[in-house]
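Trainee: Following this message is one structure expressed as C-alpha coordinates.
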Amino acid sequence: MIKKNEIFKTEITDMSDEGAGIGRTEDGFIWFIKNTVIGDEVEALAMKVKKNYGFARLVSITEPSKDRVDPPCPIAGRCGGCQLQAMSYEAQLSFKERKVINNLRRIGGFEEMPDPEKILGAEEGEVLRYRNKAQYPVGRDKKGDIAAGFYAGGTHSIINCRDCLLGAPENRDILEYVIDWMKKYDISPYDETTGKGLLRHLLIRKGFRTGEIMVCPVINGRRLPHEREFVEGLLGLKLPENSRITSISYSSNMENTNVIMGKEAVNIYGKPYIEDVIRRHYFGEEQRGEKEGTQEGEKADEIRFRISALSFYQVNPYQMEKLYSKALEYAELTGNETVWDLYCGTGTISLFLARRAKKVYGVEIIPQAIENAQENGKINGIENAEFFVGKAEEVLPAWYEKNRDEAGAHPDVIVVDPPRKGCDERCLETIVKMAPKRVVYVSCDSATLARDLRYLCDRGYELKRIRACDMFPMTVHCECVVKLERKDQ
Ligand code: SAH
(Lines give C-alpha, C1' and ligand atoms only; values in the text may rest on other atoms or scores of the structure.)
Protein backbone atom coordinates (compact mmCIF):
# COMPACT_ATOMS: atom_id res chain seq x y z
CA MET A 1 0.00 0.00 0.00
CA ILE A 2 1.51 3.29 -1.15
CA LYS A 3 1.27 6.25 1.20
CA LYS A 4 1.19 9.95 0.58
CA ASN A 5 4.60 11.39 -0.43
CA GLU A 6 5.92 7.99 -1.40
CA ILE A 7 7.53 7.53 -4.82
CA PHE A 8 6.43 4.51 -6.83
CA LYS A 9 6.76 3.04 -10.32
CA THR A 10 3.97 2.25 -12.74
CA GLU A 11 3.11 1.95 -16.40
CA ILE A 12 0.45 4.14 -17.94
CA THR A 13 -2.23 1.98 -19.55
CA ASP A 14 -5.20 4.31 -20.04
CA MET A 15 -6.26 7.97 -20.01
CA SER A 16 -9.01 9.61 -17.95
CA ASP A 17 -11.69 11.87 -19.38
CA GLU A 18 -9.66 14.81 -18.09
CA GLY A 19 -6.59 13.60 -19.93
CA ALA A 20 -4.55 12.30 -17.01
CA GLY A 21 -2.64 9.07 -17.59
CA ILE A 22 -3.88 6.08 -15.61
CA GLY A 23 -1.53 3.51 -14.09
CA ARG A 24 -2.10 0.62 -11.71
CA THR A 25 0.05 -0.69 -8.88
CA GLU A 26 0.17 -4.25 -7.56
CA ASP A 27 -2.03 -3.40 -4.57
CA GLY A 28 -4.90 -2.85 -7.03
CA PHE A 29 -4.68 0.92 -6.76
CA ILE A 30 -5.47 3.14 -9.74
CA TRP A 31 -3.32 6.28 -10.09
CA PHE A 32 -4.08 9.41 -12.06
CA ILE A 33 -0.86 11.00 -13.27
CA LYS A 34 -0.90 14.14 -15.41
CA ASN A 35 1.52 14.79 -18.28
CA THR A 36 1.91 11.15 -19.16
CA VAL A 37 0.67 9.14 -22.11
CA ILE A 38 -0.33 5.51 -22.60
CA GLY A 39 2.76 3.32 -22.73
CA ASP A 40 5.00 5.54 -20.54
CA GLU A 41 6.81 3.84 -17.69
CA VAL A 42 7.06 6.39 -14.92
CA GLU A 43 8.11 7.22 -11.40
CA ALA A 44 5.45 9.20 -9.57
CA LEU A 45 4.94 10.84 -6.20
CA ALA A 46 1.69 10.02 -4.38
CA MET A 47 -0.09 13.29 -3.63
CA LYS A 48 -3.62 12.35 -2.61
CA VAL A 49 -4.64 8.84 -1.60
CA LYS A 50 -8.30 7.76 -1.57
CA LYS A 51 -9.84 4.36 -0.84
CA ASN A 52 -8.76 2.57 -4.01
CA TYR A 53 -7.40 5.28 -6.23
CA GLY A 54 -5.07 8.22 -5.93
CA PHE A 55 -3.49 11.21 -7.64
CA ALA A 56 0.23 11.31 -8.17
CA ARG A 57 2.69 13.78 -9.65
CA LEU A 58 5.04 12.72 -12.40
CA VAL A 59 8.63 12.55 -11.13
CA SER A 60 10.29 11.07 -14.16
CA ILE A 61 9.59 9.06 -17.26
CA THR A 62 11.85 6.02 -16.97
CA GLU A 63 10.87 4.61 -20.37
CA PRO A 64 8.92 6.84 -22.74
CA SER A 65 6.00 5.37 -24.66
CA LYS A 66 6.69 4.49 -28.28
CA ASP A 67 3.61 6.61 -29.06
CA ARG A 68 5.07 9.80 -27.56
CA VAL A 69 5.48 12.75 -29.90
CA ASP A 70 6.44 16.41 -29.41
CA PRO A 71 3.21 18.35 -28.95
CA PRO A 72 2.81 20.78 -31.87
CA CYS A 73 1.42 23.52 -29.60
CA PRO A 74 3.71 25.37 -27.16
CA ILE A 75 1.07 25.55 -24.41
CA ALA A 76 -0.28 22.00 -24.83
CA GLY A 77 0.75 21.00 -21.31
CA ARG A 78 -0.96 23.91 -19.58
CA CYS A 79 -4.11 24.48 -21.64
CA GLY A 80 -7.11 22.34 -20.74
CA GLY A 81 -8.18 21.89 -24.35
CA CYS A 82 -5.86 19.32 -25.91
CA GLN A 83 -5.15 16.41 -23.62
CA LEU A 84 -3.63 14.10 -26.20
CA GLN A 85 -1.14 16.24 -28.08
CA ALA A 86 1.82 14.24 -26.78
CA MET A 87 0.41 11.07 -28.35
CA SER A 88 0.79 10.06 -32.00
CA TYR A 89 -2.42 10.37 -33.99
CA GLU A 90 -2.56 6.60 -34.57
CA ALA A 91 -2.36 6.03 -30.82
CA GLN A 92 -5.08 8.63 -30.22
CA LEU A 93 -7.37 6.74 -32.57
CA SER A 94 -6.85 3.37 -30.97
CA PHE A 95 -7.32 4.92 -27.51
CA LYS A 96 -10.70 6.26 -28.65
CA GLU A 97 -11.80 3.01 -30.26
CA ARG A 98 -11.01 1.19 -27.04
CA LYS A 99 -12.72 3.80 -24.90
CA VAL A 100 -16.01 3.44 -26.79
CA ILE A 101 -15.97 -0.35 -26.60
CA ASN A 102 -14.96 -0.34 -22.92
CA ASN A 103 -17.82 1.99 -22.05
CA LEU A 104 -20.30 -0.18 -23.95
CA ARG A 105 -19.05 -3.21 -22.02
CA ARG A 106 -18.62 -1.65 -18.59
CA ILE A 107 -21.56 0.79 -18.46
CA GLY A 108 -23.89 -0.77 -21.02
CA GLY A 109 -23.17 -4.36 -20.01
CA PHE A 110 -22.83 -5.37 -23.66
CA GLU A 111 -20.85 -8.59 -23.67
CA GLU A 112 -21.44 -9.43 -27.26
CA MET A 113 -21.32 -6.71 -29.81
CA PRO A 114 -21.27 -6.48 -33.56
CA ASP A 115 -17.69 -6.18 -34.77
CA PRO A 116 -16.87 -2.54 -34.19
CA GLU A 117 -15.96 -0.87 -37.45
CA LYS A 118 -12.72 1.02 -37.81
CA ILE A 119 -12.87 4.49 -36.30
CA LEU A 120 -13.37 7.27 -38.85
CA GLY A 121 -10.12 9.14 -38.31
CA ALA A 122 -9.20 12.60 -39.59
CA GLU A 123 -7.32 12.87 -42.86
CA GLU A 124 -3.73 13.94 -42.82
CA GLY A 125 -3.65 17.73 -42.65
CA GLU A 126 -6.98 17.83 -40.79
CA VAL A 127 -5.80 16.81 -37.32
CA LEU A 128 -5.02 20.45 -36.49
CA ARG A 129 -6.86 23.65 -37.55
CA TYR A 130 -10.11 21.73 -37.82
CA ARG A 131 -12.29 23.81 -35.52
CA ASN A 132 -14.73 26.22 -37.17
CA LYS A 133 -15.56 27.85 -33.85
CA ALA A 134 -13.49 29.59 -31.18
CA GLN A 135 -14.80 30.88 -27.90
CA TYR A 136 -12.07 32.85 -26.18
CA PRO A 137 -12.62 33.80 -22.54
CA VAL A 138 -11.48 37.37 -21.83
CA GLY A 139 -10.27 38.46 -18.40
CA ARG A 140 -7.16 39.69 -16.66
CA ASP A 141 -3.87 38.01 -15.87
CA LYS A 142 -2.11 38.23 -12.52
CA LYS A 143 -0.48 41.52 -13.50
CA GLY A 144 -3.87 43.02 -14.32
CA ASP A 145 -3.38 43.07 -18.09
CA ILE A 146 -6.11 41.89 -20.44
CA ALA A 147 -5.80 38.16 -21.00
CA ALA A 148 -7.60 36.16 -23.66
CA GLY A 149 -7.15 32.59 -24.72
CA PHE A 150 -8.07 29.41 -22.90
CA TYR A 151 -8.81 28.17 -19.45
CA ALA A 152 -6.01 26.19 -17.86
CA GLY A 153 -7.14 22.58 -17.34
CA GLY A 154 -9.80 22.28 -14.63
CA THR A 155 -9.63 25.98 -13.64
CA HIS A 156 -10.96 29.37 -14.64
CA SER A 157 -7.60 31.07 -14.92
CA ILE A 158 -6.97 32.25 -18.44
CA ILE A 159 -3.84 31.35 -20.35
CA ASN A 160 -2.97 33.89 -23.00
CA CYS A 161 -3.15 32.32 -26.41
CA ARG A 162 -3.99 34.20 -29.58
CA ASP A 163 -3.57 31.39 -32.04
CA CYS A 164 -4.99 28.05 -31.05
CA LEU A 165 -3.63 25.38 -33.37
CA LEU A 166 -7.01 23.69 -33.55
CA GLY A 167 -8.72 26.84 -34.86
CA ALA A 168 -8.72 28.93 -38.02
CA PRO A 169 -5.66 31.18 -38.44
CA GLU A 170 -7.94 34.22 -38.86
CA ASN A 171 -8.93 33.98 -35.20
CA ARG A 172 -5.64 35.50 -34.19
CA ASP A 173 -6.08 38.74 -36.17
CA ILE A 174 -9.65 39.09 -34.97
CA LEU A 175 -8.79 38.50 -31.32
CA GLU A 176 -5.84 40.89 -31.44
CA TYR A 177 -8.01 43.53 -33.02
CA VAL A 178 -10.68 43.14 -30.31
CA ILE A 179 -8.08 43.51 -27.56
CA ASP A 180 -6.70 46.65 -29.21
CA TRP A 181 -10.23 48.01 -29.45
CA MET A 182 -10.77 47.29 -25.74
CA LYS A 183 -7.57 49.12 -24.84
CA LYS A 184 -8.31 52.07 -27.09
CA TYR A 185 -11.82 52.65 -25.70
CA ASP A 186 -11.04 51.55 -22.17
CA ILE A 187 -13.38 48.58 -22.25
CA SER A 188 -12.87 46.34 -19.28
CA PRO A 189 -12.76 42.57 -19.34
CA TYR A 190 -15.20 40.68 -17.16
CA ASP A 191 -14.11 39.57 -13.71
CA GLU A 192 -15.82 36.35 -12.61
CA THR A 193 -15.20 36.91 -8.91
CA THR A 194 -16.77 40.38 -8.71
CA GLY A 195 -19.18 40.05 -11.63
CA LYS A 196 -17.90 43.43 -12.91
CA GLY A 197 -16.39 44.36 -16.27
CA LEU A 198 -17.87 44.13 -19.74
CA LEU A 199 -16.32 41.70 -22.20
CA ARG A 200 -16.69 38.05 -21.22
CA HIS A 201 -16.07 35.94 -24.29
CA LEU A 202 -15.35 36.35 -27.96
CA LEU A 203 -17.10 33.90 -30.26
CA ILE A 204 -15.74 33.46 -33.78
CA ARG A 205 -17.27 31.05 -36.26
CA LYS A 206 -16.27 30.28 -39.81
CA GLY A 207 -18.00 28.38 -42.58
CA PHE A 208 -15.08 26.39 -43.96
CA ARG A 209 -16.70 25.78 -47.33
CA THR A 210 -17.97 29.35 -47.82
CA GLY A 211 -15.30 31.40 -46.03
CA GLU A 212 -17.97 33.38 -44.16
CA ILE A 213 -16.97 34.50 -40.67
CA MET A 214 -19.12 35.55 -37.74
CA VAL A 215 -17.79 37.58 -34.81
CA CYS A 216 -19.86 37.80 -31.64
CA PRO A 217 -18.60 39.28 -28.35
CA VAL A 218 -20.48 38.19 -25.24
CA ILE A 219 -20.91 41.10 -22.89
CA ASN A 220 -21.98 41.77 -19.34
CA GLY A 221 -24.18 44.70 -20.36
CA ARG A 222 -27.10 45.58 -22.58
CA ARG A 223 -25.28 47.47 -25.31
CA LEU A 224 -21.94 47.21 -26.96
CA PRO A 225 -20.13 50.55 -26.54
CA HIS A 226 -18.26 51.99 -29.55
CA GLU A 227 -20.21 49.67 -31.75
CA ARG A 228 -19.49 51.56 -34.97
CA GLU A 229 -15.73 51.58 -34.39
CA PHE A 230 -15.88 47.91 -33.46
CA VAL A 231 -17.53 47.03 -36.76
CA GLU A 232 -15.40 49.32 -38.90
CA GLY A 233 -12.17 48.02 -37.42
CA LEU A 234 -13.19 44.39 -37.98
CA LEU A 235 -14.16 45.06 -41.57
CA GLY A 236 -10.82 46.77 -42.12
CA LEU A 237 -8.84 43.68 -41.13
CA LYS A 238 -6.82 42.08 -43.86
CA LEU A 239 -7.90 38.45 -43.90
CA PRO A 240 -6.88 35.70 -46.32
CA GLU A 241 -8.45 36.05 -49.75
CA ASN A 242 -11.02 33.30 -49.34
CA SER A 243 -12.46 34.45 -46.01
CA ARG A 244 -14.50 37.50 -45.01
CA ILE A 245 -16.48 38.74 -42.04
CA THR A 246 -20.15 38.66 -43.04
CA SER A 247 -21.88 38.71 -39.67
CA ILE A 248 -21.21 40.75 -36.52
CA SER A 249 -23.49 40.46 -33.49
CA TYR A 250 -23.18 40.71 -29.75
CA SER A 251 -24.88 38.73 -27.06
CA SER A 252 -25.74 40.07 -23.59
CA ASN A 253 -25.14 37.70 -20.74
CA MET A 254 -25.42 39.31 -17.32
CA GLU A 255 -25.68 36.15 -15.29
CA ASN A 256 -22.78 34.96 -13.23
CA THR A 257 -22.81 31.31 -14.38
CA ASN A 258 -20.69 29.02 -16.54
CA VAL A 259 -23.05 29.41 -19.50
CA ILE A 260 -21.16 31.32 -22.17
CA MET A 261 -23.80 32.77 -24.48
CA GLY A 262 -26.75 34.96 -23.54
CA LYS A 263 -30.31 34.13 -24.60
CA GLU A 264 -30.23 36.37 -27.65
CA ALA A 265 -27.83 37.95 -30.08
CA VAL A 266 -28.15 41.48 -31.51
CA ASN A 267 -26.99 41.73 -35.10
CA ILE A 268 -24.97 44.90 -35.79
CA TYR A 269 -23.49 44.17 -39.20
CA GLY A 270 -24.34 41.91 -42.13
CA LYS A 271 -26.58 38.90 -41.65
CA PRO A 272 -27.51 37.41 -38.26
CA TYR A 273 -26.03 34.13 -39.47
CA ILE A 274 -23.23 32.67 -41.55
CA GLU A 275 -23.79 30.13 -44.26
CA ASP A 276 -21.90 26.92 -44.78
CA VAL A 277 -22.26 23.99 -47.12
CA ILE A 278 -22.29 20.37 -45.97
CA ARG A 279 -21.51 17.63 -48.43
CA ARG A 280 -22.60 14.04 -48.05
CA HIS A 281 -19.91 11.41 -48.59
CA TYR A 282 -20.50 7.98 -50.02
CA PHE A 283 -18.24 5.36 -48.55
CA GLY A 284 -19.02 2.59 -51.01
CA GLU A 285 -18.76 -0.98 -49.82
CA GLU A 286 -17.95 -0.92 -46.13
CA GLN A 287 -14.83 -2.79 -45.32
CA ARG A 288 -12.64 -2.60 -42.31
CA GLY A 289 -9.47 -0.76 -43.10
CA GLU A 290 -10.65 0.45 -46.46
CA LYS A 291 -9.52 3.95 -47.41
CA GLU A 292 -12.55 6.14 -46.98
CA GLY A 293 -11.56 9.37 -48.57
CA THR A 294 -13.32 12.49 -49.66
CA GLN A 295 -11.56 12.44 -53.02
CA GLU A 296 -12.11 10.74 -56.33
CA GLY A 297 -15.20 9.22 -57.78
CA GLU A 298 -17.59 10.29 -55.06
CA LYS A 299 -21.06 11.52 -55.71
CA ALA A 300 -21.71 14.74 -53.87
CA ASP A 301 -24.94 15.73 -52.24
CA GLU A 302 -24.82 19.23 -50.84
CA ILE A 303 -27.03 21.28 -48.58
CA ARG A 304 -26.53 24.93 -47.63
CA PHE A 305 -27.03 25.87 -44.00
CA ARG A 306 -27.58 29.13 -42.15
CA ILE A 307 -26.21 29.11 -38.65
CA SER A 308 -26.84 31.88 -36.13
CA ALA A 309 -24.69 32.73 -33.11
CA LEU A 310 -26.81 30.78 -30.66
CA SER A 311 -27.35 27.68 -32.78
CA PHE A 312 -25.32 24.55 -32.35
CA TYR A 313 -23.06 23.65 -35.24
CA GLN A 314 -20.57 20.78 -35.19
CA VAL A 315 -17.12 22.24 -34.61
CA ASN A 316 -15.25 19.95 -36.99
CA PRO A 317 -16.73 20.30 -40.47
CA TYR A 318 -14.40 17.71 -42.06
CA GLN A 319 -15.40 14.94 -39.69
CA MET A 320 -18.98 16.18 -39.40
CA GLU A 321 -19.56 15.26 -43.04
CA LYS A 322 -18.31 11.73 -42.45
CA LEU A 323 -20.40 11.37 -39.29
CA TYR A 324 -23.62 12.56 -40.91
CA SER A 325 -22.99 10.40 -43.96
CA LYS A 326 -22.61 7.38 -41.71
CA ALA A 327 -25.80 8.25 -39.82
CA LEU A 328 -27.64 8.50 -43.16
CA GLU A 329 -26.27 5.18 -44.26
CA TYR A 330 -27.46 3.58 -41.00
CA ALA A 331 -30.94 5.09 -41.48
CA GLU A 332 -31.30 3.02 -44.70
CA LEU A 333 -33.88 5.25 -46.31
CA THR A 334 -35.60 4.45 -49.59
CA GLY A 335 -37.90 7.46 -49.91
CA ASN A 336 -41.08 6.15 -48.25
CA GLU A 337 -40.12 6.52 -44.63
CA THR A 338 -41.31 8.72 -41.81
CA VAL A 339 -38.37 9.80 -39.68
CA TRP A 340 -37.87 11.80 -36.48
CA ASP A 341 -34.62 13.67 -35.84
CA LEU A 342 -34.41 14.51 -32.15
CA TYR A 343 -31.95 17.20 -30.94
CA CYS A 344 -31.84 18.43 -34.52
CA GLY A 345 -30.09 21.82 -34.13
CA THR A 346 -30.32 23.75 -37.40
CA GLY A 347 -31.64 20.69 -39.23
CA THR A 348 -28.25 19.52 -40.44
CA ILE A 349 -29.13 15.83 -40.22
CA SER A 350 -32.89 16.31 -40.71
CA LEU A 351 -32.57 17.87 -44.15
CA PHE A 352 -30.26 15.17 -45.45
CA LEU A 353 -32.76 12.61 -44.16
CA ALA A 354 -35.62 14.54 -45.78
CA ARG A 355 -34.00 14.22 -49.21
CA ARG A 356 -34.35 10.44 -48.86
CA ALA A 357 -37.59 10.10 -46.86
CA LYS A 358 -41.28 10.82 -47.17
CA LYS A 359 -41.50 12.99 -44.07
CA VAL A 360 -39.09 14.19 -41.38
CA TYR A 361 -39.91 15.76 -38.02
CA GLY A 362 -37.15 17.60 -36.15
CA VAL A 363 -37.14 18.60 -32.46
CA GLU A 364 -34.75 21.07 -30.85
CA ILE A 365 -34.75 23.18 -27.68
CA ILE A 366 -33.10 26.38 -28.99
CA PRO A 367 -35.65 28.59 -30.80
CA GLN A 368 -33.01 30.33 -32.94
CA ALA A 369 -31.76 26.94 -34.19
CA ILE A 370 -35.30 25.97 -35.22
CA GLU A 371 -35.67 29.29 -37.06
CA ASN A 372 -32.47 28.37 -38.92
CA ALA A 373 -33.78 24.86 -39.58
CA GLN A 374 -37.01 26.15 -41.11
CA GLU A 375 -35.14 28.61 -43.29
CA ASN A 376 -32.61 25.97 -44.24
CA GLY A 377 -35.42 23.76 -45.51
CA LYS A 378 -36.72 26.66 -47.62
CA ILE A 379 -33.45 27.79 -49.16
CA ASN A 380 -32.73 24.22 -50.22
CA GLY A 381 -36.22 23.55 -51.59
CA ILE A 382 -36.87 20.81 -49.04
CA GLU A 383 -40.57 20.78 -48.14
CA ASN A 384 -41.07 17.52 -46.30
CA ALA A 385 -39.35 18.50 -43.05
CA GLU A 386 -41.28 19.97 -40.14
CA PHE A 387 -39.66 21.33 -36.98
CA PHE A 388 -40.77 21.69 -33.38
CA VAL A 389 -39.20 23.87 -30.66
CA GLY A 390 -38.99 22.24 -27.26
CA LYS A 391 -37.41 19.52 -25.23
CA ALA A 392 -37.34 16.16 -26.97
CA GLU A 393 -38.58 14.56 -23.73
CA GLU A 394 -41.66 16.82 -23.77
CA VAL A 395 -42.43 17.33 -27.45
CA LEU A 396 -42.20 13.67 -28.41
CA PRO A 397 -44.47 12.21 -25.67
CA ALA A 398 -47.04 14.99 -26.19
CA TRP A 399 -47.08 14.43 -29.95
CA TYR A 400 -47.38 10.69 -29.52
CA GLU A 401 -50.25 10.92 -27.03
CA LYS A 402 -52.16 13.08 -29.49
CA ASN A 403 -51.44 10.97 -32.56
CA ARG A 404 -51.08 7.45 -31.21
CA ASP A 405 -54.05 6.11 -33.17
CA GLU A 406 -53.05 7.76 -36.43
CA ALA A 407 -51.29 5.88 -39.20
CA GLY A 408 -48.16 8.04 -38.88
CA ALA A 409 -47.71 7.54 -35.14
CA HIS A 410 -45.12 4.84 -35.68
CA PRO A 411 -42.17 6.19 -37.65
CA ASP A 412 -39.75 3.96 -39.54
CA VAL A 413 -36.63 5.54 -38.13
CA ILE A 414 -35.76 7.77 -35.16
CA VAL A 415 -32.43 9.56 -35.13
CA VAL A 416 -31.16 11.07 -31.87
CA ASP A 417 -28.12 13.30 -31.39
CA PRO A 418 -28.28 14.52 -27.79
CA PRO A 419 -25.75 16.62 -25.87
CA ARG A 420 -23.24 14.88 -23.57
CA LYS A 421 -25.76 14.04 -20.88
CA GLY A 422 -27.60 11.77 -23.32
CA CYS A 423 -31.37 11.27 -23.67
CA ASP A 424 -33.86 11.85 -20.91
CA GLU A 425 -35.64 8.64 -19.92
CA ARG A 426 -39.02 10.09 -20.95
CA CYS A 427 -37.65 10.49 -24.45
CA LEU A 428 -36.36 6.89 -24.57
CA GLU A 429 -39.62 5.60 -23.15
CA THR A 430 -41.57 7.27 -25.95
CA ILE A 431 -39.16 5.98 -28.59
CA VAL A 432 -39.90 2.46 -27.36
CA LYS A 433 -43.65 3.13 -27.57
CA MET A 434 -43.34 4.55 -31.08
CA ALA A 435 -41.46 1.38 -32.00
CA PRO A 436 -39.48 2.52 -35.06
CA LYS A 437 -37.77 -0.23 -37.06
CA ARG A 438 -34.44 1.48 -36.59
CA VAL A 439 -32.90 3.91 -34.13
CA VAL A 440 -29.76 5.75 -35.19
CA TYR A 441 -27.97 7.17 -32.15
CA VAL A 442 -25.33 9.85 -32.71
CA SER A 443 -23.42 10.50 -29.50
CA CYS A 444 -20.59 12.71 -28.26
CA ASP A 445 -20.24 10.78 -24.99
CA SER A 446 -19.92 7.02 -25.09
CA ALA A 447 -20.72 6.69 -21.36
CA THR A 448 -24.24 8.09 -21.66
CA LEU A 449 -24.58 6.35 -25.02
CA ALA A 450 -23.90 3.01 -23.31
CA ARG A 451 -26.50 3.77 -20.63
CA ASP A 452 -29.17 4.73 -23.19
CA LEU A 453 -28.43 1.75 -25.44
CA ARG A 454 -28.88 -0.56 -22.47
CA TYR A 455 -32.32 0.96 -21.91
CA LEU A 456 -33.34 0.42 -25.54
CA CYS A 457 -31.82 -3.05 -25.82
CA ASP A 458 -33.70 -4.17 -22.70
CA ARG A 459 -36.89 -3.14 -24.49
CA GLY A 460 -36.79 -4.81 -27.85
CA TYR A 461 -33.84 -3.33 -29.72
CA GLU A 462 -30.63 -4.90 -30.89
CA LEU A 463 -27.24 -3.29 -31.46
CA LYS A 464 -26.34 -3.70 -35.13
CA ARG A 465 -23.56 -1.31 -36.07
CA ILE A 466 -21.11 0.86 -34.12
CA ARG A 467 -18.78 3.41 -35.58
CA ALA A 468 -16.62 5.86 -33.72
CA CYS A 469 -15.72 9.09 -35.49
CA ASP A 470 -12.86 11.29 -34.35
CA MET A 471 -14.48 14.71 -34.36
CA PHE A 472 -12.01 16.10 -31.85
CA PRO A 473 -8.42 15.13 -32.70
CA MET A 474 -5.91 15.96 -29.91
CA THR A 475 -8.60 15.80 -27.23
CA VAL A 476 -9.98 12.86 -25.23
CA HIS A 477 -13.45 13.34 -26.72
CA CYS A 478 -14.92 10.99 -29.26
CA GLU A 479 -18.09 10.96 -31.32
CA CYS A 480 -19.93 7.77 -32.18
CA VAL A 481 -22.80 6.58 -34.35
CA VAL A 482 -24.79 3.43 -33.68
CA LYS A 483 -27.55 1.57 -35.48
CA LEU A 484 -30.20 -0.31 -33.53
CA GLU A 485 -32.92 -2.53 -34.99
CA ARG A 486 -36.19 -3.65 -33.47
CA LYS A 487 -35.91 -7.39 -32.88
CA ASP A 488 -39.48 -8.49 -33.66
CA GLN A 489 -39.48 -7.52 -37.34
N1 SAH B 1 -28.06 17.20 -34.69
C2 SAH B 1 -27.58 18.56 -34.60
C3 SAH B 1 -27.37 19.05 -33.15
C4 SAH B 1 -26.69 18.12 -32.21
S5 SAH B 1 -26.11 18.86 -30.72
C6 SAH B 1 -26.29 18.73 -35.35
O7 SAH B 1 -25.58 17.75 -35.60
O8 SAH B 1 -25.95 19.85 -35.72
C9 SAH B 1 -27.40 18.62 -29.61
C10 SAH B 1 -28.55 19.59 -29.80
O11 SAH B 1 -29.53 19.27 -28.82
C12 SAH B 1 -28.20 21.06 -29.59
O13 SAH B 1 -28.64 21.79 -30.70
C14 SAH B 1 -28.98 21.45 -28.32
O15 SAH B 1 -29.43 22.78 -28.35
C16 SAH B 1 -30.13 20.47 -28.35
N17 SAH B 1 -30.75 20.10 -27.07
C18 SAH B 1 -30.20 20.04 -25.84
N19 SAH B 1 -31.08 19.54 -24.96
C20 SAH B 1 -32.21 19.26 -25.65
C21 SAH B 1 -33.48 18.69 -25.28
N22 SAH B 1 -33.74 18.32 -24.03
N23 SAH B 1 -34.40 18.52 -26.25
C24 SAH B 1 -34.14 18.90 -27.53
N25 SAH B 1 -32.97 19.44 -27.92
C26 SAH B 1 -32.01 19.62 -27.00
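Trainee: Accessible area per residue of the stretch 122-271 at 1.4 Å probe, in Å²?
Mentor: 49
Trainee: Given a 1.4 Å probe and every protein chain left where it sits, what share in percent of the accessible area of the stretch 131-275 is carbon and sulfur?
Mentor: Whole-percent figure for carbon plus sulfur exposure: 48.
Trainee: Using only the Cα atoms of the stretch 347-489, construct the convex hull and provide its projected area averaged over every direction, in square nanometres to one decimal.
Mentor: Mean projected area for the stretch 347-489: 9.1 nm², to one decimal.
Trainee: Which value, in nm² and rounded to one decimal, describes the direction-averaged projected area of the C-alpha convex hull of the stretch 131-275?
Mentor: Mean projected area for the stretch 131-275: 8.3 nm², to one decimal.
Trainee: Sort Lys378, Lys391 by heavy-atom solvent-accessible area, probe 1.4 angstrom, most to least.
Mentor: Largest accessible area first, the list is Lys378, Lys391.
Trainee: Please compute P(r) over all alpha-carbon pairs of the stretch 63-119, binned at 10 Å starting from zero, and give each bin as a whole-number percent.
Mentor: 20, 38, 27, 14, 1
Trainee: Put +1 on the Cβ of every Lys and Arg and -1 on every Asp and Glu Cβ in the chain; which of Pro217, Phe387, Tyr269 then has its Cα farthest towards the positive end of the dipole?
Mentor: It is Pro217, whose Cα lies furthest towards the positive end.
Trainee: With runs of 4+ DSSP H residues as the only contributors, calculate the mean residue ellipticity of the chain at 222 nm using -39,500 (n - 2.57) per run, divided by the residue total and rounded to the nearest 500. All intermediate terms of the calculation are to be shown ahead of the outcome.
Mentor: Values: 9 runs with 111 residues, N = 489.
It comes out at -7000 deg cm²/dmol, rounded to the nearest 500.
Trainee: Sorted from largest down, what three extents in whole angstroms do the Cα atoms of the stretch 7-63 have along their principal axes?
Mentor: 28, 24, 18
Trainee: Okay, next question. Which value, in Å², gives the accessible area per residue of the stretch 1-96 when a 1.4 Å probe is used on the protein heavy atoms?
Mentor: Accessible area per residue, the stretch 1-96: 56 Å².
Trainee: From the Cα trace of the chain, what convex hull volume per residue do you get, rounded to a whole Å³? Could the numbers behind the result be given before it?
Mentor: On the way: hull volume 81.8 nm³, N = 489.
Expressed per residue, the convex hull around the Cα atoms of the chain is 167 Å³.
Trainee: Sequence neighbours fewer than 8 away in the same chain don't count; with that in mind, list the lysines whose C-alpha is under 21 Å from Lys196.
Mentor: Cα-Cα hits under 21 Å: Lys142, Lys143, Lys183, Lys184, Lys263.
Trainee: Related question: Could you check what % of the DSSP bridge pairs in the stretch 131-275 are antiparallel, to the nearest 5?
Mentor: Given both bridge residues lie in the stretch 131-275, the antiparallel proportion sits at roughly 75 percent.
Trainee: Using only Cα atoms, locate the centre of the stretch 427-489 and the centre of the stretch 360-398, then give the distance between them in Å, rounded to an integer.
Mentor: So the separation of the two Cα centres works out to 21 Å.
Trainee: Next up: Report the extension gain between Asp14 and Asp191 in nm, rounded to one decimal, defined as 0.36 nm multiplied by the number of residues separating them, less their alpha carbon distance.
Mentor: 60.0 nm
Trainee: Taking H placed 1.01 Å from N in the peptide plane, check which residues at least 5 places from Met471 or on another chain put their amide H under 5 Å from its amide H.
Mentor: Placed amide hydrogens put Glu479 under 5 Å from Met471.
Trainee: Give me the distance in nm between label points sitting 7 Å out from Cα along the Cα-to-Cβ direction at Val259 and Gln374, one decimal.
Mentor: Output for this residue pair reads 2.2 nm.
Trainee: Right, something else. Roughly how many debye, to the nearest 20, is the charge dipole of the stretch 7-63 about its Cα centre, given +1 on each Lys and Arg Cβ, -1 on each Asp and Glu Cβ, and no other charges?
Mentor: 360
Trainee: Among Leu333, Gly108, Asn171, whose Cα lies farthest out toward the positive end of the dipole of the chain, if unit charges sit on the beta carbon of Lys, Arg (+1) and Asp, Glu (-1)?
Mentor: Asn171
Trainee: Using a 7 Å offset from Cα along Cα-Cβ at Arg244, what residues in the stretch 265-280 end up with backbone N under 14 Å from the label point?
Mentor: It comes to 270-271, 275, nothing else.
Trainee: Calculate the FRET efficiency for Lys51 and Glu401 from the Cβ-Cβ distance with a Förster distance of 60 Å, rounded to the nearest 0.05. It would help to have the intermediate numbers written out before the result.
Mentor: Details: r = 47 Å, r/R0 = 0.78.
So, using R0 = 60 Å, E works out to roughly 0.80.
Trainee: What is the dipole size for the stretch 310-468, taken about its Cα centre, with +1 at each Lys and Arg Cβ and -1 at each Asp and Glu Cβ, in debye to the nearest 20? Don't skip to the answer; put the middle values down first.
Mentor: Numbers: 22 positive and 24 negative charges, 98 e Å.
Dipole size: approximately 480 debye.
Trainee: Taking a cut-off of 21 Å between Cα atoms, list the lysines near Lys50, but don't count ones fewer than 8 places away on the same chain.
Mentor: By straight Cα distance, Lys50 reaches Lys3, Lys4, Lys9, Lys34.
Trainee: Hey, how much of the P(r) for the stretch 333-382 falls beyond 17 Å, as a percent of Cα pairs?
Mentor: 26
Trainee: When only C-alpha pairs under 8 Å and at least 6 residues apart count, what is the relative contact order of the stretch 7-63, in percent?
Mentor: 33
Trainee: Another question, if that's okay. Starting from the Cα of Ser157, step 7 Å toward the Cβ, then list every residue of the stretch 118-142 with an amide N under 19 Å from that point.
Mentor: 137-142
Trainee: Another question about this same structure. Treating the stretch 64-184 as a set of equal point scatterers at the Cα positions, no solvent, please give the Debye-formula log₁₀ I(q)/I(0) at q = 0.09, 0.11, 0.13, 0.23 Å⁻¹.
Mentor: Here log10 of I(q) over I(0) equals -0.37, -0.53, -0.69, -1.32.
The values are calculated or read from the model by the stated rules, or taken from the named source; none is laboratory data. The structure displayed is predicted, hence computed values, not measured ones. Using ideal geometry, Cβ is built from the backbone for each residue, glycine included, and neighbour counts are taken over all protein chains shown. In case anyone asks, the SASA skips ligands and DNA or RNA and just uses the protein heavy atoms, side chains included. Shrake-Rupley method; radii C 1.70, N 1.55, O 1.52, S 1.80 Å.
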